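Okay, so here's the structure we're looking at.
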Amino acid sequence: MEAFEAITTRHSCRDYIVRQLSEEQTEKLIRAANAAPAASRNFNTVKLTVVQDAGLCAEIDRAAAFALPPLKEHPTFGAPTLMVLSVKPNRAAPFVPYCNASCMAENIMIEANALGLASVFLMGVPMVMKNRLELLEKLNIADGFEPAIVVAVGYAAEPVAEQKPMRILVERF
Ligand SMILES: Cc1cc2nc3c(=O)[nH]c(=O)nc-3n(C[C@H](O)[C@H](O)[C@H](O)COP(=O)(O)O)c2cc1C
């Protein structure tokens, strides 16, 4: 799949089948995250934690479902891989680590699409994880980092054929 197709056909998936990614696919997603840009080359402002243990994925899902009742019953939608991007807060420029993490998240989602996988960018889930110290310790995220984005990845239960209309404001001069 060429880059333009991988980018324009990516969409958020909220229903996954029970099938884990292969080691090769997982490795490619990690390398896609690693290839993202980072402000001033400060790559140490973001940490990527790849969660594929079914018990830990369920624990993250349960924690988020409990704290965020307006969300669906399963806020991670049964995805077998949760890629947690945690940031080191920067008081002088608070948005910078989040921008870095977003670039990584987008790279992961585009590469996932190119590999025939589906994904969704989650923000409510990491907001809950931030305050669950026991869970953070299990994931080794207690060392000055806090979860900012979770990219859920897996195989879609249903293929999506929908074309995207123009959704953003564009001006050209
Ligand atoms: C910053 C950000 C936060 C998001 N948070 C969530 C979330 O918590 N839960 C969710 O299901 N989707 C979340 N999404 C996915 C959006 O709902 C989705 O991208 C949007 O509906 C457009 O659909 P598309 O991704 O299929 O193009 C988030 C997306 C972004 C960029």
Filtering the stretch 34-49 for residues that are under 17 Å from the mean Cα position of the chain (by Cα), away from the ligand (no atom under 16 Å from the Cβ) and surrounded by 15 or more Cβ atoms within 10 Å (Cβ to Cβ) leaves a count of 5
State yes or no: is Ala79 crowded, with 18+ Cβ neighbours inside 10 Å, within 16 Å of the ligand (Cβ to nearest atom) and not in a loop (DSSP other than H, G, I, E, B)? no
Just the residues that are free of Cβ contacts under 8 Å to residues at least 60 places away in the same chain and either on the phi > 0 side of the Ramachandran plot or not charged (D, E, K, R) (or both), please, taken from the stretch 10-33. Ser22, Thr26, Ile30
Can you tell me how many residues within the stretch 60-99 are among the β-branched types (Val, Ile, Thr) and touching a Leu at 6+ places or on another chain (Cβ under 8 Å)? 4
Phe95, sole failed condition from (1) more than 16 Å from the ligand (Cβ to nearest atom); (2) out of contact with any helix residue (DSSP H, G or I) (no Cβ under 9 Å at 6 or more places or on another chain): (1)
Out of all the residues in the stretch 57-76, which are more than 16 Å from the ligand (Cβ to nearest atom) and touching a helix residue (DSSP H, G or I) at 6+ places or on another chain (Cβ under 7 Å)? Glu59
Give just the number: which of (1) touching a helix residue (DSSP H, G or I) at 6+ places or on another chain (Cβ under 6 Å); (2) closer than 11 Å to Val153 by Cα; (3) without any contact (Cβ under 8 Å) to a residue 60 or more places away in the chain does Gln52 not satisfy? (1)
Is there a residue being over 13 Å from Val150 (Cα atoms), modelled with pLDDT of 95 or more and not basic (Lys, Arg) anywhere in the stretch 62-77? no
Is it true that some residue in the stretch 160-171 is of a type outside the set (D, E, K, R), touching a residue at least 12 places away in the same chain (Cβ under 8 Å), more than 26 Å from Glu2 (Cβ to Cβ) and exposed (fewer than 15 other Cβ atoms within 10 Å of the Cβ)? no
Which count do you get for residues in the stretch 98-149 that are out of contact with any Pro (no Cβ under 8 Å at 6 or more places or on another chain), assigned to a loop (DSSP other than H, G, I, E, B), closer than 28 Å to Ser40 by Cα and within 16 Å of the ligand (Cβ to nearest atom)? 1
Just to be sure, is Arg62 without any contact (Cβ under 8 Å) to a residue 40 or more places away in the chain, over 16 Å from Val153 (Cβ atoms) and surrounded by fewer than 14 Cβ atoms within 10 Å (Cβ to Cβ)? no
When the residues of the stretch 1-48 are narrowed to those that are touching a helix residue (DSSP H, G or I) at 6+ places or on another chain (Cβ under 7 Å) and basic (Lys, Arg), which ends up nearest to His74 (Cα to Cα)? Arg10
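Considering only residues of the stretch 150-173 that are of a type in the set (Val, Ile, Thr) and part of a strand (DSSP E or B), which is farthest from the ligand (Cβ to nearest atom)? It would help to see each step written out before you state the result.
In the first step, residues of the stretch 150-173 are kept if they are of a type in the set (Val, Ile, Thr); the result is 150-151, 153, 160, 168, 170.
Add one more test, that the residue is part of a strand (DSSP E or B), and what stays is 150-151, 153.
Details: Val150: 8, Val151: 10, Val153: 13 Å.
The residue in question is Val153.
The values are calculated or read from the model by the stated rules, or taken from the named source; none is laboratory data. All values reported here derive from a predicted model rather than from experimental measurement. Glycine gets a Cβ as well: all are built from the backbone with ideal geometry, and neighbour counts include every protein chain shown.
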